[in-house]
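Asks: For reference, the structure I am asking about is given below.
The values are calculated or read from the model by the stated rules, or taken from the named source; none is laboratory data. Note that this is a predicted model, so its numbers are computed, not measured. Note that each Cβ is placed from the backbone with ideal geometry, even for glycine, and that neighbours are counted across all protein chains shown. Quick note on the areas: whole protein, heavy atoms, side chains included, nothing else; ligands and nucleic acids left out. Shrake-Rupley method; radii C 1.70, N 1.55, O 1.52, S 1.80 Å.
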Amino acid sequence: MTVTIRPYTAADKQAYIALNLDWIEESFTVESSDRDQLEALETTILGTGGQIIVAELDGDIVGTGAILPPHHDPQDGRKWLEIVKMAAQKNLRGQGIGHAVLEALIVEGRAMAADAIWLETNNDLKAAIRLYERCGFRHLFGDELWPTPYARCNVQMVLEL
């Protein structure tokens, strides 16, 4: 299986939305924050200076993720970026697609001169948390936690660059 990691193009929009709705609906409820970010991604992600990465296999989009300026500014003098909407096609999970997308997002974050990359997830998503930990993200606690626009998000992590 040879997966190609590449930048998002407008032709990828429906696959990006479908992959993300699939994982959210599988375990959670799609929230208004999700719909806003997905349906207007040209504004909410790309329009903020963010980037979307896709994983392609045999012409199909099988993984996605985005990195953008964070929804919260901790005003600590560092340049923060946030990873959002990481997804892999259900029948291909566990085969390295998420890892490849995450690594590409981290490379993109470095190219965008980030000092730190923040993300949030849910403690039920054990495989995702293990992936983030393996890539160097650490858990945030107490006063390190940021406000979240998502009811499902109860884990926050950071990668110091």
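Asks: Can you give me the C-alpha center-to-center distance between the stretch 121-161 and the stretch 63-96, rounded to a whole angstrom?
Replies: 11
Asks: Picking from 21, 87, 98, whose Cα lies most toward the positive end of the charge dipole for the stretch 1-125 (charges on Cβ: Lys, Arg +1; Asp, Glu -1)?
Replies: The Cα lying farthest towards the positive end belongs to 98.
Asks: If all Cα-Cα distances of the stretch 72-116 are sorted into 10 Å bins from 0 onward, what percent lands in each bin, rounded to whole numbers?
Replies: P(r) for the stretch 72-116, in whole percents per bin: 25, 41, 25, 9, 0.
Asks: What list of ³J(HN,Hα) couplings, whole Hz, do you get for the stretch 105-115 from phi and the Karplus terms 6.51, -1.76, 1.60, once you set θ to phi - 60° and write x for glycine and proline?
Replies: So the Karplus estimates, Gly and Pro as x, are 5, 5, 4, 4, x, 5, 5, 8, 6, 6, 8 Hz.
Asks: Can you work out ³J(HN,Hα) from phi for every residue in the stretch 6-17, in order, using Karplus 6.51 cos²θ - 1.76 cosθ + 1.60 and θ = phi - 60°, giving whole Hz and x for Gly and Pro?
Replies: 3J(HN,Hα) across the stretch 6-17, in whole Hz: 8, x, 5, 10, 4, 5, 8, 4, 5, 5, 4, 5.
Asks: Now for a separate question. Based on the mean of other Cβ atoms within 10 Å per residue, sort peptides 139-147, 81-89, 28-36 so the most packed one is first. Spell out each step's value before the answer.
Replies: Working: 139-147: 10.7, 81-89: 24.6, 28-36: 13.8.
Packing order, densest peptide first, comes out as 81-89, 28-36, 139-147.
Asks: Looking at this model, which pairs from 13/126; 13/79; 85/126 are more than 21 angstrom apart at the alpha-carbon? The partial results should precede the final answer.
Replies: On the way: 13/126 27 Å; 13/79 28 Å; 85/126 16 Å.
Check vs 21 Å cut-off fails for 13/126; 13/79.
Asks: Given +1 on the Cβ of Lys and Arg, -1 on the Cβ of Asp and Glu, and no further charges, what dipole in debye does the chain carry about its Cα centre, rounded to the nearest 20?
Replies: Working: 14 positive and 24 negative charges, 76 e Å.
Around 360 debye, computed over the chain.
Asks: Tell me the per residue accessible area of the chain using a 1.4 Å probe; a whole number in Å² is fine. Intermediate values should be presented prior to the final figure.
Replies: Numbers: 7890 Å² over 161 residues.
About 49 Å² of surface per residue is accessible.
Asks: Can you tell me how the stretch 1-91 classifies by the Cα gyration tensor, rounded, prolate or oblate, using a/c under 1.5 as the rounded cut? Show your work: numbers first, answer last.
Replies: Values: a/c = 1.91, a/b = 1.43, b/c = 1.34.
It is prolate, given that a/c is not under 1.5 and a/b is the larger ratio.
Asks: Given the Cα atoms of the stretch 42-132, and with Rh set as the inverse mean 1/r over their pairs in the Kirkwood sense, what is Rg to Rh to two decimals?
Replies: Taking Rh as the inverse mean 1/r over Cα pairs, Rg/Rh reads 0.98.
Asks: If amide H atoms are built 1.01 Å from N in the plane of the peptide, which residues on other chains or at least 5 residues away come under 5 Å of the amide H of residue 54?
Replies: 6, 8
Asks: Inverting the mean 1/r over all pairs of different Cα atoms, compute the Kirkwood radius of the chain and quote it in Å. List each step's numbers first, then the result.
Replies: Numbers: mean 1/r = 0.0633 Å⁻¹.
Computed over the chain, the radius equals 15.8 Å.
Asks: For the stretch 58-71, just list the computed ³J(HN,Hα) in residue order, Karplus coefficients 6.51, -1.76 and 1.60, θ = phi - 60°, integers in Hz, with x standing in for Gly and Pro.
Replies: Computed from phi, the couplings for the stretch 58-71 are 6, x, 10, 7, 10, x, 8, x, 9, 9, 7, x, x, 6 Hz.
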